[in-house]
Amino acid sequence: MQIALFTIFGLLAVAGALNLLLQRHPIHSALSLIVVMMSLAVLYWSLGAEFLAAAQVIVYSGAIMVLFVFVIMLLNAGEEERTRGSRVAAIAGFPGAAAIFCLLSFVFLSERRQLGFTRLGESVSTAFSNIAEVSHTLFTSLLLPFEVTSILILVAILGAVVLARKEL
Amino acid sequence: MVPIAYYLVLAAILFSIGVAAFLIKRNIITIFMSIELMLNAVNLTFVAFAHMWHQVSGQIFVFFVMVVAAAEAAIGLAIIIALFRVRQTLNVDQVNLLKN
Amino acid sequence: MNPQLLWLIPTLPFAGFLLNGTLGRRLPRAAVATVALLFTLAPALLVAKLWSVLQSVGGPLALSVASRPWIAVSGFSVNFAFTVDHLTLIMLGVVTGVGFLIHIYSVGYMAHEEGYWRFFAYLNLFMFFMLVLVLSSSFLLLFVGWEGVGLASYLLIGFYFTKDSAANAGKKAFIVNRIGDFGFLLAMFLLVQHYGSLSFDSVFSQISASHIDGGILTGIALLLVLGATGKSAQIPLYIWLPDAMEGPTPVSALIHAATMVTAGVYMIARCHVLFHHAPAALTVVACIGAATALFAATVGVVQQDIKRVLAYSTISQLGYMFLACGVGAYSAGIFHLMTHAFFKALLFLAAGSVIHALGGEQDMRKMGGLRTRIPITFWTMTAGVFAIAGIPPFAGFFSKDEILFQVFTHGGALYILLWLVGLATAGLTSFYMFRLWFKTFFGEARFSEDAQNHGLHESPPVMTFPLVVLAILSVIGGWVGVPFAFGGQNEIEHFLRPVFHPIVPGQAPFYPEFVSSGSTEFLLALVSVLAAAAGFYFAWLLYYRKPGESTRLANSSNAARFAYRLLDHKYWVDEIYQRGIVTPLLAISRVLLNGLVDGGMVQGSAWALTEGTGGLGWLVRRIQSGNIRSYAGWLALGAACVIVIVLFGHHPLH
């Protein structure tokens, strides 16, 4: 059953990614990306990261992608025109991308034995729930990065406000 | 009982599609979205390894990645809006004033 | 006497050079002259003191002083070291004494010239280097002096540097000297390679102890001879000396008559041990000397410029000295060096006096009848002319005669031939010197009375005093070498014996006077006097009795015309050198060194560097296209490379 879960949602993710690649209108690409993120949330849940699955749905799809959709509609982006791009992207880029893929999969597949198997639904370590586990580590040993990220968000807000003003 | 390697290969596929989209697409917002796709692929890798090693720090790292992605998306879109105001286009090939 | 005082002898003129060279431009002429004279007089006095010390009963045979090592590498070391033995003493006496007299003379001669301070600065510099050359006790220090006198000579020949001919003459002198110096350098390299040292004591004792003859020693000796022919103006490197007459007359007197050109002879005499073990080289030296003597004498016969005649005469007399060294009669050669210094300096200075009186005229065809107008110059020059012609009892007779005697009694048919050549040269010398004498002082006046600047007058006392002193020396200077055959003691030969025939314990001492026989010497002397008299007679005939006769003779027949043209053009040697050596050398230099090396390698590498950098920059610039997607492409490629390196870099996979 876990195989079926993985296969369905894996394929869904890949289909969404390909759709993002192939669609011409950015709004379609945005919606395909939402599909990818949703399926990834399910995969996170199957790997025992329930908190992250929820966060993925709420934060990533619900906030970040909505922001993208806002901007697309604000700027009234139309379909892409075909303009002459750079040849480097075609000549160097695709081999690069392909190489990255091949390398990574080669490594992963060759280490298949050592990686082991997943255990569906099993929590990460103890009997506590996943969220208790995450928050415990976050607020004790990783407290400093946590506070720094709050500052990061503050800076980002300020920067976004400044950049997007009408008169610069 | 899915081998973890499959999750990793799936992440690799998503990552490569992200790179390809980054190279092909001409609309700057779409390029940005492909960056988000790459980030998601990386997140999947982290979660898979967190599951493998029975560590929770992998998941926490994903948490931080999400936060950073949010901030980055906000700023990036603000830049795109500013760029649009100046150049009146979202085509990345036409943002080439630094040529030569 | 404290040996440390030896350091003062060359450094005092050097101090004079520094003073005059830096401050002289602003000092008044009297101050410049005083500085120069003072710093030349002091070494002369020191030399006199040295003389008395070494001559005193029980005095040492030599004095030495050495400094800390100059070059000290493993296996080879050289000090700054001076040695004074009897040979050095004679040279020192000549250099400082004649040098001082010429300094006095120059005060008067150069009184109206530009660059007064420069002249005396260079003259003091020359004295410094010459004294270093003479005092040094190693080949390397001698070479320093050798090069230095070449430099001073270049500076002084080209003293009137605004004149093209003077500048070219200076260059010619320096370059031709350089060729000789190259031989000297090679000889020094070989010496270091074979004997590991360059100090005279060390090298000569090793050579004597090794008992080998010929071979590498002949090679070294011949290379040294090459250097000597450059410095002492022998065949084939004599061509610079006639052109060197472009310099002021005191320069010609000091450098090109009395001192610098004798450096080659001195060097051969100093290295007599080496030459003794290389008899082939000695023969070469003798032949070169004799050939040069005759050659130069023939050319001197037809010269019209008074200084050119004296220049060729110098070359000829240097040939005599080479001849003497070549037959092993080193003391005779040094004796002739000394007397030659006296009368040749005298002749040059007197010629300068004549030129000064005539306001710059040097062509003998425009002189004549000066006997009564400038009497002191006339009488002193007469002493010089008689001395060089070899008329007894003047100085030249004894020294020249000694040389001819030694050549004749050396044994072997070659040496009889050389003796004949020497005899012929003596006759020719007498002829052209009396020709000069008659043309300049006798006969009707051919000069223009309204000579520039001064009008015809005798030179001031500051110029005539050295003339008189040198004239006295030309008369009595030979009396130190009167041989036994004439009842004398041959003091000079005695004096130099510790140098040339040092007493080696266990060997019988060398007594040359037992070898000579009085009657042979007397006969030979008679023959040379007859040759001199014949020269006098012909000169009197052609230039006094019947003036104009010589021109008629020169045009009398085709053969005579050809002979005259040959001599007048100096056997076309300069032209031959120009066509045969200089032009091909220039062409090769232009093609190879200028074109290939300089243009190709040096400029080529610079060009390659700039072009390479530019090209690389152009290549890299193409990446900066301003196109975001191309950046993305490079990014992807780069990321792939990084992954490869990380994966397969340090830990090999399974």
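By how many nm would the segment from C:LYS366 to C:LEU27 lengthen if fully extended, with 0.36 nm per residue of separation less the alpha-carbon distance? Each step should come with its number before you reach the end.
Values: separation 339, 0.36 × 339 = 122.04 nm, distance 3.82 nm.
Contour length minus Cα-Cα distance gives 118.2 nm.
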(Q) How many angstrom lie between the Cα centre of region C:265-304 and the Cα centre of region A:25-46? (A) 109 Å
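How large a share of the accessible area of region B:6-49, in percent, is made up of carbon and sulfur atoms when the probe is 1.4 Å and the other protein chains stay in place? All intermediate terms of the calculation are to be shown ahead of the outcome.
Numbers: 780 of 900 Å².
Of all accessible area on region B:6-49, carbon and sulfur atoms account for 87 percent.
Plugging the Kirkwood radius over Cα pairs into Stokes-Einstein for chain C, at a temperature of 10 °C and a viscosity of 1.306 mPa s, what D comes out in µm²/s? Spell out each step's value before the answer.
On the way: Rh = 27.1 Å.
Calculated translational D: 59 µm²/s.
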Q.
Order C:318-331, A:15-28 from most to least packed using the mean count of other Cβ atoms within 10 Å.
A. C:318-331, A:15-28
**Q.** Near-label residues of region C:93-110 by backbone N, under 17 Å of a point 7 Å along Cα→Cβ of C:PHE465
**A.** C:97-110
(Q) I need the semi-axes of the equivalent ellipsoid of chain B: take the C-alpha gyration tensor, multiply each eigenvalue by 5, square-root it, list largest first in whole angstrom. (A) 33, 16, 8
Q) Once you put a point 7 Å from the Cα of C:MET601 and another 7 Å from the Cα of B:HIS54, both along the Cβ direction, what distance in nm separates them? A) 7.4 nm
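Need one value for C:634-644: mean number of C-beta atoms belonging to other chains within 10 Å of its residues' C-beta atoms. Don't skip to the end; give the middle numbers.
Working: counts 6, 6, 15, 10, 2, 6, 12, 2, 1, 5, 3.
So the per-residue partner count for this stretch is 6.
How crowded by other chains is B:48-58, given as the mean number of beta carbons from other chains within 10 Å of each beta carbon?
On the way: counts 7, 2, 5, 11, 6, 2, 6, 3, 14, 5, 4.
Mean shielding by partner chains, rounded to a whole number: 6.
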Q: Taking the dipole about the Cα centre of region C:564-642, with the C-beta of Lys and Arg at +1 and of Asp and Glu at -1, give me whichever of C:THR583, C:ALA608, C:LEU567 is farthest to the positive side.
A: C:ALA608
Q) How fast does the protein assembly as shown diffuse by Stokes-Einstein, in µm²/s, taking the Kirkwood radius from C-alpha pairs at 4 °C and 1.567 mPa s? A) 36 µm²/s
Q: Roll a 1.4 angstrom probe over the protein heavy atoms and tell me the percent of accessible area of chain C that is carbon or sulfur.
A: 68 percent
(Q) I'd like the orientation of helix C:461-476 relative to chain C: the angle between its Cα long axis and the longest Cα principal axis, in ° from 0 to 90, rounded to 10. (A) 70 degrees
Q | Kirkwood hydrodynamic radius of region C:165-265, Cα pairs, Å | A | 14.8 Å
Q) Which one of C:TYR160, C:SER202, C:ILE216 has its Cα pushed farthest toward the positive end of the charge dipole of region C:160-225, where Lys and Arg give +1 and Asp and Glu give -1 at the Cβ? A) C:TYR160
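Ignore the peptide's own chain and count Cβ atoms of other chains within 10 Å of each Cβ in A:140-148; give me the average, rounded.
Values: counts 0, 2, 5, 0, 0, 5, 4, 0, 2.
The shielding value for this peptide is 2.
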Q: Check each residue of region B:22-41 and keep those whose accessible area, probe 1.4 Å, is at least 30 Å² smaller with all protein chains in place than in the chain alone; give them in order of residue number.
A: B:PHE22, B:LEU23, B:ILE24, B:LYS25, B:ARG26, B:ASN27, B:ILE29, B:THR30, B:MET33, B:GLU36, B:LEU37, B:ASN40
Q: May I ask you to derive the relative contact order of chain C, considering only C-alpha pairs under 8 Å and at least 6 residues apart, and to give it as an integer percent?
A: 11 percent
Q: Starting from the Cα gyration tensor of region A:1-81, take the square roots of the eigenvalues, sort them a ≥ b ≥ c, and report rounded, prolate or oblate (rounded when a/c is under 1.5, otherwise prolate if a/b is larger than b/c, else oblate).
A: oblate
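Can you work out the accessible area per residue across chain A, with the rest of the protein chains kept in place, probe 1.4 Å, in square angstrom?
56 Å²
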Q) Per the Debye formula with a single identical scatterer at each Cα and no solvent contribution, what log10 I(q)/I(0) holds for region C:548-627 at q = 0.13, 0.20, 0.23 Å⁻¹? A) -0.70, -0.92, -1.00
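So if I place +1 on the C-beta of Lys and Arg and -1 on the C-beta of Asp and Glu, and nothing else carries charge, what would the dipole magnitude of chain A be about its Cα centre? I want it in debye, nearest 20. Don't jump to the answer; show the numbers that get you there.
Numbers: 9 positive and 9 negative charges, 98 e Å.
For chain A, the charge dipole is close to 480 debye.
List the relative contact order of chain A as a percent without decimals, with contacts defined as Cα pairs under 8 Å and 6+ residues apart. Intermediate results must be reported in sequence, preceding the final value.
Details: 96 pairs, mean separation 34.9, N = 168.
Relative contact order of chain A: 21 percent.
Scan chain A and note any complete DSSP helix (H) whose C-alpha atoms cover at least 20 Å along its axis and whose Kyte-Doolittle average is -0.5 or more. Intermediate values should be presented prior to the final figure.
Numbers: long enough: A:2-22 (30 Å, 2.10); A:26-46 (30 Å, 1.62); A:94-110 (24 Å, 2.09); A:143-163 (30 Å, 2.50).
Correct list, ordered by number: A:2-22, A:26-46, A:94-110, A:143-163.
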**Q.** Between 0 and 90°, nearest 10: helix C:330-357 axis offset from chain C longest Cα axis
**A.** 90 degrees
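Ranked from highest to lowest mean number of other Cβ atoms within 10 Å per residue, what is the order of the peptides C:192-203, C:251-262? Each step should come with its number before you reach the end.
Details: C:192-203: 17.1, C:251-262: 28.7.
In decreasing order of mean packing, C:192-203, C:251-262 become C:251-262, C:192-203.
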Q: Please work out how much length the chain gains when fully extended from C:ASP201 to C:TYR577, using 0.36 nm per residue of separation minus the C-alpha to C-alpha distance, in nm with one decimal.
A: 131.4 nm
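Where the only charges are on Cβ atoms (+1 Lys, Arg; -1 Asp, Glu), what is the dipole of the protein assembly as shown about its Cα centre, to the nearest 20 debye?
Details: 49 positive and 41 negative charges, 335 e Å.
Value, rounded to 20: 1600 debye.
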Q. Which order do C:GLU114, A:GLU79, C:GLU402, A:GLU50 take when ranked by solvent-accessible area (1.4 Å probe, heavy atoms of all protein chains), largest first?
A. C:GLU114, A:GLU79, A:GLU50, C:GLU402
(Q) Among C:ILE179, C:GLY230, C:LEU593, which residue has its Cα furthest toward the positive end of the charge dipole of chain C, with +1 on Lys/Arg Cβ and -1 on Asp/Glu Cβ? (A) C:LEU593
Q | Shape category assigned to region C:1-147 from the gyration tensor of Cα positions, a/c cut at 1.5 | A | oblate
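Could you work out the relative contact order of region C:1-82, using alpha carbon pairs under 8 angstrom and six or more residues apart, expressed as a whole percent? Mind dumping the intermediate values first?
Numbers: 63 pairs, mean separation 23.5, N = 82.
About 29 percent, as a whole number.
From the Cα gyration tensor of chain A, with a ≥ b ≥ c the square roots of its eigenvalues, which class applies: rounded if a/c is under 1.5, or else prolate if a/b is larger than b/c, or else oblate? It would help to have the intermediate numbers written out before the result.
Details: a/c = 1.84, a/b = 1.19, b/c = 1.55.
Oblate is the answer for chain A, as a/c is 1.5 or above yet b/c matches or exceeds a/b.
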Q. Which log10 I(q)/I(0) values, to two decimals, does region C:224-347 give at q = 0.14, 0.22 Å⁻¹ under the Debye formula with one point per Cα?
A. -0.51, -1.22
Q) Roughly speaking, to the nearest percent, how much of chain A's 1.4 Å accessible area is carbon and sulfur? A) 73 percent
Q. Ranked highest first by the average count of other Cβ atoms within 10 Å around their residues, in what order do C:344-355, B:11-22 fall?
A. C:344-355, B:11-22
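Find the accessible area per residue for region C:307-381; the probe is 1.4 Å, ligands and nucleic acids are left out, and the unit is Å². Kindly include the intermediate steps, with their values, before the conclusion.
Values: 1380 Å² over 75 residues.
For region C:307-381, the solvent-accessible area averages 18 Å² per residue.
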Q: Counting other Cβ atoms within 10 Å, keep those with at most 13, restrict to DSSP loop, and tell me which trypsin sites (Lys or Arg not before Pro) in region C:95-194 are left.
A: C:LYS163
**Q.** Unit charges on C-beta of K, R, D, E only; dipole of chain C, Debye
**A.** 1260 debye
(Q) Rounding to the nearest 10 and keeping the result within 0 to 90°, find how far the Cα-based axis of helix C:395-408 lies from the longest principal axis of chain C. (A) 70 degrees
Q) Ballpark to the nearest 100 Å², how much total accessible area do B and A bury together, probe 1.4 Å? A) 7100 Å²
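The values are calculated or read from the model by the stated rules, or taken from the named source; none is laboratory data. Bear in mind that the values here come from a model prediction, so they are computed numbers and not experimental data. Here the Cβ is made from the backbone with ideal geometry for all residues, glycine too, and neighbour counts use every protein chain on show. Surface accessibility is based on the protein's heavy atoms, side chains included, excluding ligands, DNA and RNA. Shrake-Rupley method; radii C 1.70, N 1.55, O 1.52, S 1.80 Å.
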